[in-house]
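Written out below as structure tokens is the structure these notes cover.
The values are calculated or read from the model by the stated rules, or taken from the named source; none is laboratory data. Computed from a predicted model, the values in this text were never measured in an experiment. Here Cβ is always computed from backbone atoms with ideal geometry, including for glycine, and neighbour counts include all displayed protein chains.
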Amino acid sequence: MKKRALSIVLTTAMVAALFAGCGKETNDGGTTGGGNGGGNGTQPTVSPDFEYTATDGGKVLNIYCWNTEFKERCEKFLPGYTAGADSTSKDKNGDVSGTAEGTYNGVTVKWNITPSKENAYQNNLDNALLKQKDAAADDKVDLFLMEADYALKYVDTTYTVPIDKLGITDADTKDQFQYTKDVVTDANGNIKGLSWQGCPSIMFYNREAAKEIFGTDDPATIQEKFKDWATFKKTAIDEVAAKGYKIMSSPNDTFRIYSNNVSSKWVADDGVTINVDPYIKQWVDDSKELVDAGAVAGTWDLWGEDWSKGFFPEAKVFAYFGPAWLVNFSMSADTEGSIGYDGGWGGITGPQGFFWGGTWITAVDGTDNASEIKQIMLDMSCSADTAKKMVQDVDEFANNKPAMEEMAKEDSGYSSKVLGGQNPLQMYLDGLNGLEIKYASAYDQGCNEAFQNAMKSYFEGASTYDEALDAFYTTVTTKYPNLKKPA
Amino acid sequence: MSKSKNSKVVRYNRWGYIFLIPFLVVYVIFQLIPLVSTIYYSFYEYYRVGLMQVGPNWIGLENYKSIFQGSELLPYFKNTMIMWLIGFIPQILVSLLLGAWFSDNRLKLKCEGFFKVVIYLPNLIMASAFAMLFFTLFSDLGPINSLLLNSGILKERFSFFSNAAATRSIVGFMNFLMWFGNTTILLMAGMMGIDTSLMEAAEVDGANSRQKFFKITLPLLRPILIYVIITSLIGGIQMFDVPQILTSGSGSPIVKGVKTSETLIMFLNDNLFSKNYGKAGALSVFLFVITGILSLIVFKVSGNDKKAK
């Protein structure tokens, strides 16, 4: 009996040892997290008198971001910046992660790149920010990038420094589009970041396909075919699909258009109940109709390999939706054989205006590179020359109203190679009219991602709408334990 | 006389304790403390949303309640077990067969070392690299689909990762490929430990190979077989890397509103994304208990406890 008891104890010990691997994983963060466990569940509120610190003399400028866009822009357009060692790598979805170095006016720049997927970028950034106070000067985050989807989460904290504290004046930013400033304005009216781009979005269509389907690739005629959602669906099913083309790569392509035109936030006014706006439901219904009619290429995630195949003519995808950065940064326009490489895209306003993304540069409280950050912000986002160069070189829609209006004129000499010689700037400028960012919440990114994932199973017929919705609630409440599913 | 002998024993004992210190220190730091704090935090509300830290606040058994009342635990446990079985059944059969061949004195296989290395090789590939490879192979526009289309087996593209059975089978198959070599080596070690005189005696008595395998090899292999089953079961419950990478952490496809390739540890990992140490801790404790119970069942059924007397 004694031996038996002993053997049981030994077995348990063995199991315990085998399991310790995952116990460890659960907990090594737990002990570090314990250090700041004193909080009472409230976000640090910003008092108008908060004293931000931003000093000079740091030798290392740490930049946190989620892709290589800003890095590439710096390499091209930032005077005084030179690229250095690069140890980033790409995963199967094309997401880049890792670290890279560069130098900027004698200061070492360290890039820390974590992809956005599954909140990884924000989690990584949050960890770094929470340790900011105790970090050594050279390890402190000095500058990070944020998207409109979650800008509020950081803007309404003391982690982000108002730009006037860096010495940037209203005069410096007077030419920027107002909405780019609204996104990053905190409760006290401080502007906490700057963007070098505007992101009004349009519909890009495949010119060759348009000629085959409609007999013309003239933007005005094509726009007539996709002027509102009813016409859009009709054309997609009756004409585009009938000719063997797919209107878009995935139903997720149009998600942003709907989610940008909602009339309520993802989280109800009580701050904890998840809320699915009727217009989001409209996206589900419209998309389901298109998928069932065989008018969509697949139900894959955005950015994946299958989704990206439509950038090439063989995949027979008719259209993509997005802002200027999509054309230049994502559409494989520099790969031979792609539609963009041969200037095969055309741009139209599409069924509804929307904006997508946009990247804001923000300085972090406690930085020791204040003057470098100020210079980067001025050079990248406030200079009309850089703005024009960005348009010319990389088809950016830059954050400088007069410069864009000038370039939009027919005699400006600018035309987009990717868009087959079209000048899309006026379309972008028109898209900015009436652009409002009213229904943003700190949970947008997580909710958008989870919702698209869950609806995939509804589009594929594996779940009913309600079942898919349940899956969405489950994912979101796991991601954000403070939220709850509506009763 | 007896006194001096006694003190010598004590002195020797002291050395024993000193030699144990490195193990104890490592064990306490890396295993015992995490284990205890996992259990400790499982009774607390303790998570972070964005930059907002909640807790730790004592909430008793709330975390356990939310796990057991939630709709996730049972289906994810089912997923884990199904994917484990899909991989484990072929794994144990193939390993037994290979082990029997490799250890058969009369078969005298050539290049035995070479084959042993080859079947062990898949285990050396990183699970993530392996998963990425399979993801690319089976993706909607990938080579397997093209192959099946061109050879006329399929009429239209089959979306492997939108089909629960296909995704689970791919996960099971990958686990099988990665682990059958390891199992073969273990079983072979067990088989080579079997007294050859027993085999010879059986042969003299006129036993054929099948009888030898079922009447001699298998019964004598039982201890090692049980070890293989227990460790594989524990490994199965901890299944994480392959489905995580293969489905990009989404546990898709979702069928009837339930993720069909989400394992328990993937669920644990999801909770850790919000640094939810409370709920993740409760889940860990639950997994710990389940693994313990499963091990005891296997232990009892195999009759090991009686033999120990």
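Could you list all residues from the range B:36-86 that are of a type in the set (S, T, Y), more than 12 Å from chain A (Cβ to nearest Cβ) and closer than 23 Å to B:P253 by Cα?
Of all residues in the range B:36-86, those of a type in the set (S, T, Y) come to B:37-38, B:40-42, B:44, B:46-47, B:64, B:66, B:71, B:76, B:80.
With the extra rule that they be more than 12 Å from chain A (Cβ to nearest Cβ), the set shrinks to B:64, B:80.
Listed by number, the list holds a single entry, B:T80.
So which residues in the range A:145-193 are of a type in the set (F, W, Y) and assigned to a helix (DSSP H, G or I), if there are any at all? I'd like the intermediate steps shown before the answer.
Step one: list which residues in the range A:145-193 are of a type in the set (F, W, Y), which gives A:150, A:154, A:159, A:177, A:179.
Listed by number, the residues that qualify are A:Y150, A:Y154, A:Y179.
Kindly establish whether B:T217 is of a type in the set (V, I, T) and over 23 Å from B:I92 (Cβ atoms).
No; evaluated as a whole, the condition is false for this residue.
Considering only the range A:164-184, how many residues are over 17 Å from A:S441 (Cα atoms), without any contact (Cβ under 8 Å) to a residue 60 or more places away in the chain and of a type in the set (D, E, K, R)?
Going through the range A:164-184, the residues over 17 Å from A:S441 (Cα atoms) turn out to be A:164-178.
So of that shortlist, the ones also without any contact (Cβ under 8 Å) to a residue 60 or more places away in the chain come out as A:164, A:169-171, A:174, A:178.
Now drop any that are not of a type in the set (D, E, K, R), which leaves A:164, A:170, A:174.
Counting residues in the range A:164-184 that are over 17 Å from A:S441 (Cα atoms), without any contact (Cβ under 8 Å) to a residue 60 or more places away in the chain and of a type in the set (D, E, K, R) gives 3.
Tell me the residue from A:I257, A:I213, A:I280, A:I237 that is out of contact with any Cys (no Cβ under 9 Å at 6 or more places or on another chain) and closer than 30 Å to A:E405 by Cβ, please.
Values: A:I213 fails: closer than 30 Å to A:E405 by Cβ; A:I280 fails: closer than 30 Å to A:E405 by Cβ; A:I237 fails: closer than 30 Å to A:E405 by Cβ.
From the options A:I257, A:I213, A:I280, A:I237, the qualifying one is A:I257.
Show the residue pairs meeting these rules: Cβ distance below 8 Å; 6+ apart or different chains; first residue within the range A:148-163 and more than 11 Å from A:W360 (Cβ to Cβ); second residue surrounded by fewer than 24 Cβ atoms within 10 Å (Cβ to Cβ) and of a type in the set (V, I, T).
A:D156/A:T45; A:D156/A:V46; A:T157/A:V46; A:T158/A:V46; A:P162/A:I191
Of the conditions (1) surrounded by fewer than 18 Cβ atoms within 10 Å (Cβ to Cβ); (2) touching a Gly at 6+ places or on another chain (Cβ under 7 Å); (3) modelled with pLDDT of 90 or more, A:V476 clears all except one; give me its number.
(1)
Within the group B:F160, B:F115, B:F134, B:F130, which residue is free of Cβ contacts under 8 Å to residues at least 40 places away in the same chain, within 14 Å of chain A (Cβ to nearest Cβ) and of a type outside the set (S, T, N, Q)? Write out each step before concluding.
Values: B:F115 fails: within 14 Å of chain A (Cβ to nearest Cβ); B:F134 fails: free of Cβ contacts under 8 Å to residues at least 40 places away in the same chain; B:F130 fails: free of Cβ contacts under 8 Å to residues at least 40 places away in the same chain.
Of B:F160, B:F115, B:F134, B:F130, the one residue that is free of Cβ contacts under 8 Å to residues at least 40 places away in the same chain, within 14 Å of chain A (Cβ to nearest Cβ) and of a type outside the set (S, T, N, Q) is B:F160.
For residues in the range A:307-326 being in contact with a helix residue (DSSP H, G or I) (Cβ under 9 Å, 6 or more places away or on another chain) and under 18 Å from A:D393 (Cβ atoms), which is modelled with the highest pLDDT?
A:P323
Considering only the range A:377-487, give the helices (runs of 4 or more DSSP H) lying wholly within it that have at least 2 residues that are more than 11 Å from chain B (Cβ to nearest Cβ) and of a type in the set (S, T, N, Q).
Values: elements: A:384-394, A:401-408, A:425-432, A:444-459, A:465-479.
Those helices (runs of 4 or more DSSP H) span A:384-394.
Which ones in the range B:98-123 are under 30 Å from B:T167 (Cα atoms) and in contact with a Ser or Thr (Cβ under 9 Å, 6 or more places away or on another chain)?
In the first step, residues of the range B:98-123 are kept if they are under 30 Å from B:T167 (Cα atoms); the result is B:98-99, B:115-123.
Within the range B:98-123, B:L98, B:G99, B:K116, B:I119, B:Y120 qualify.
Looking only at residues that are within 18 Å of the chain's Cα centre (by Cα), closer than 21 Å to A:I202 by Cα and not acidic (D, E) in the range A:361-398, which one is surrounded by the fewest Cβ atoms within 10 Å (Cβ to Cβ)?
Result: A:A398.
Considering (1) in a loop (DSSP other than H, G, I, E, B); (2) of a type outside the set (D, E, K, R); (3) out of contact with any Ser or Thr (no Cβ under 9 Å at 6 or more places or on another chain); (4) at negative phi, say which one A:A209 fails and leave the rest.
Evaluating A:A209 over (1) in a loop (DSSP other than H, G, I, E, B); (2) of a type outside the set (D, E, K, R); (3) out of contact with any Ser or Thr (no Cβ under 9 Å at 6 or more places or on another chain); (4) at negative phi leaves (1) as the failure.
Please go through the range B:281-298 and pick out each residue that is surrounded by 14 or more Cβ atoms within 10 Å (Cβ to Cβ), within 28 Å of B:L220 (Cβ to Cβ) and either more than 8 Å from chain A (Cβ to nearest Cβ) or at pLDDT below 70 (or both).
Within the range B:281-298, B:L294, B:V298 meet the criteria.
Which condition number does B:I170 fail, the rest of (1) among the hydrophobic types (A, V, I, L, M, F, W, C); (2) under 26 Å from B:I224 (Cβ atoms); (3) in a helix (DSSP H, G or I) being met?
Exception for B:I170: condition (2).
Can you tell me which residues in the range A:408-443 are touching a Ser or Thr at 6+ places or on another chain (Cβ under 8 Å) and under 15 Å from A:I280 (Cα atoms)?
Taking the range A:408-443 first, the residues touching a Ser or Thr at 6+ places or on another chain (Cβ under 8 Å) are A:421-424, A:427, A:430-431, A:439.
The one that is touching a Ser or Thr at 6+ places or on another chain (Cβ under 8 Å) and under 15 Å from A:I280 (Cα atoms): A:Y439.
Would you confirm, using the coordinates I've provided, whether A:D126 is without any contact (Cβ under 8 Å) to a residue 60 or more places away in the chain and within 14 Å of chain B (Cβ to nearest Cβ)?
Here the answer is yes, as A:D126 does meet what is asked.
Out of the residues in the range A:90-144 meeting the condition of being in a helix (DSSP H, G or I) and small (G, A, S), tell me which one is nearest to the chain's Cα centre (by Cα). Working first, answer last.
Here is the first cut: in the range A:90-144, the residues in a helix (DSSP H, G or I) are A:117-130, A:132-134.
Pick out the ones that are also small (G, A, S) and you get A:120, A:128.
Values: A:A120: 13, A:A128: 20 Å.
Only one residue tops the list, namely A:A120.
Yes/no matrix, rows are residues, columns are (1) in contact with a Phe, Trp or Tyr (Cβ under 8 Å, 6 or more places away or on another chain); (2) within 24 Å of B:R222 (Cβ to Cβ); (3) modelled with pLDDT of 90 or more:
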residue	(1), (2), (3)
B:R106	no, yes, no
B:P122	yes, no, no
B:S139	yes, no, no
B:I153	no, no, no
B:F158	no, no, no
B:F161	yes, no, no
B:A165	no, no, yes
B:F180	no, yes, yes
B:L187	no, yes, yes
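Residues in the range A:135-144: is at least one touching a residue at least 12 places away in the same chain (Cβ under 8 Å), hydrophobic (A, V, I, L, M, F, W, C) and touching a Lys or Arg at 6+ places or on another chain (Cβ under 7 Å)?
Looking only at the range A:135-144, we keep the residues that are touching a residue at least 12 places away in the same chain (Cβ under 8 Å), and these are A:137-144.
Then drop every residue that is not hydrophobic (A, V, I, L, M, F, W, C), which leaves A:137, A:141, A:143-144.
Applying the additional criterion that residues be touching a Lys or Arg at 6+ places or on another chain (Cβ under 7 Å) yields none.
No - not one qualifying residue is present in the range A:135-144.
Restrict the check to the range B:44-67 and report whether at least one residue is hydrophobic (A, V, I, L, M, F, W, C), modelled with pLDDT of 85 or more and surrounded by 15 or more Cβ atoms within 10 Å (Cβ to Cβ).
Initially, the range B:44-67 is screened for residues hydrophobic (A, V, I, L, M, F, W, C), giving B:49, B:51-52, B:54, B:58-59, B:61, B:67.
Going one step further and asking which of them are modelled with pLDDT of 85 or more, we end up with B:58-59, B:61, B:67.
Checking which are surrounded by 15 or more Cβ atoms within 10 Å (Cβ to Cβ) leaves us with B:59, B:67.
Looking for residues that are hydrophobic (A, V, I, L, M, F, W, C), modelled with pLDDT of 85 or more and surrounded by 15 or more Cβ atoms within 10 Å (Cβ to Cβ), one finds at least one in the range B:44-67, hence yes.
Considering only residues that are outside any loop (DSSP other than H, G, I, E, B) and of a type in the set (D, E, K, R), look in the range B:106-150 and name the one that is farthest from B:Q238 (Cα to Cα). Quick ask: steps written out before the conclusion?
Keep residues of the range B:106-150 that are outside any loop (DSSP other than H, G, I, E, B), which gives B:112-124, B:127-138, B:143-150.
Within this subset, residues satisfying the condition of being of a type in the set (D, E, K, R) are B:112, B:116.
Numbers: B:E112: 32, B:K116: 26 Å.
Across the range B:106-150, the extreme among qualifying residues is B:E112.
Among the listed residues A:K140, A:K133, identify the single one that is touching a helix residue (DSSP H, G or I) at 6+ places or on another chain (Cβ under 7 Å) and among the charged types (D, E, K, R). Lay out the reasoning, then the answer.
Working: A:K133 fails: touching a helix residue (DSSP H, G or I) at 6+ places or on another chain (Cβ under 7 Å).
Unique residue meeting the criteria: A:K140.
All but one of (1) in contact (Cβ under 8 Å) with a residue 40 or more places away in the chain; (2) touching a strand residue (DSSP E or B) at 6+ places or on another chain (Cβ under 9 Å); (3) surrounded by fewer than 19 Cβ atoms within 10 Å (Cβ to Cβ) hold for A:E467, so report the exception by its number.
(1)
For the condition assigned to a helix (DSSP H, G or I) and in contact with an Asp or Glu (Cβ under 8 Å, 6 or more places away or on another chain), what is the one hit in B:F102, B:F77?
Numbers: B:F77 fails: in contact with an Asp or Glu (Cβ under 8 Å, 6 or more places away or on another chain).
After ruling out the rest, the residue left standing is B:F102.
Among B:I86, B:I153, which is the only one that is at negative phi and part of a helix (DSSP H, G or I)? Lay out the reasoning, then the answer.
Details: B:I153 fails: part of a helix (DSSP H, G or I).
Matching residue, one of B:I86, B:I153: B:I86.
Just checking, which of B:L147, B:L154, B:L177, B:L187 is surrounded by fewer than 21 Cβ atoms within 10 Å (Cβ to Cβ) and farther than 25 Å from A:A297 by Cβ? Talk me through it step by step, then tell me what you get.
Working: B:L147 fails: farther than 25 Å from A:A297 by Cβ; B:L154 fails: farther than 25 Å from A:A297 by Cβ; B:L187 fails: surrounded by fewer than 21 Cβ atoms within 10 Å (Cβ to Cβ).
That would be B:L177, the only listed residue that is surrounded by fewer than 21 Cβ atoms within 10 Å (Cβ to Cβ) and farther than 25 Å from A:A297 by Cβ.
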